[in-house]
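Report on one structure; see the data block that follows.
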Amino acid sequence: MSNFFETIFGPDGQPVKREIEIMLVPDADGNARTVPVRGEAIVMSPDGALDRVVGAVQHFRDCGCPVLSAPGVRCAIAGCGKISCPNCAKRCANCLMPICLEHTEVLMVADSAVDLCPRCFAEIRRKRLFGQLASALLGPFVSTDPRNEP
């Protein structure tokens with residue numbers, strides 16, 4: 001934040017007091033990293049005036065929404081760990097695992113969209129493919145005509 005203050009007051013301003021508020025945030029690996037939240041500087045200008053500026057940093061979640069509301073959900077895909085806001089958070093409709101927008105696979109079922117994790121999406125697509133393949137192979141031998149029933 002010191003560069004921010006220097007751009008406002010110029011390189012000739014002498015800092016009298018600087019205060020930076022930081023927040024410790026866990027990253028995807030679980031390690032804590034420092035993130036600036038707010039900064040304040042009192043600077044003596046070249047003409048002798050005491051100038052004060054307060055700067056706030058706007059943070060965004062991994063989904064792109066600003067961090068203003070309650071915490072959302074952390075993606076459960078191995079190695080991801082992205083945090084989505086409550087509005088953008090998704091859960092797999094099959095296994096109920098929390099997933100981020102990047103790992104959400106959308107499956108169209110009867111004119112509606114279903115959110116799935118990549119594993120469940122691949123499993124359902126595989127079952128559909130096997131069903132279509134079996135239907136195509138057995139179709140000439142199996143009749144679904146109700147007139148053929150005894």
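What follows draws every value from the coordinates through simple rules; no lab data is involved. Because the structure is a prediction, the values reported are computed rather than measured. A quick note on method: Cβ atoms are made from the backbone with ideal geometry, for glycine too, and the neighbour counts reach across all protein chains shown.
Remark: pairs (first residue in region 40-66, of a type in the set (Phe, Trp, Tyr); second residue in a strand (DSSP E or B); Cβ separation under 6 Å; 6+ apart in sequence or on different chains) = PHE60/PRO66.
The residues of region 119-140 that are out of contact with any Asp or Glu (no Cβ under 6 Å at 6 or more places or on another chain) and either of a type in the set (Lys, Arg) or within 11 Å of CYS92 (Cα to Cα) (or both), listed by number, are ARG119, CYS120, ARG125, ARG126, LYS127, ARG128. Annotation note: Cβ proximity below 9 Å between a residue of region 78-98 that is farther than 20 Å from SER112 by Cα and touching a residue at least 40 places away in the same chain (Cβ under 8 Å) and a residue that is of a type in the set (Gly, Ala, Ser) and surrounded by fewer than 16 Cβ atoms within 10 Å (Cβ to Cβ) (sequence gap 6+ or interchain) occurs for GLY79/ALA28; CYS80/ALA28; GLY81/ALA28; GLY81/GLY30; LYS82/ALA28.
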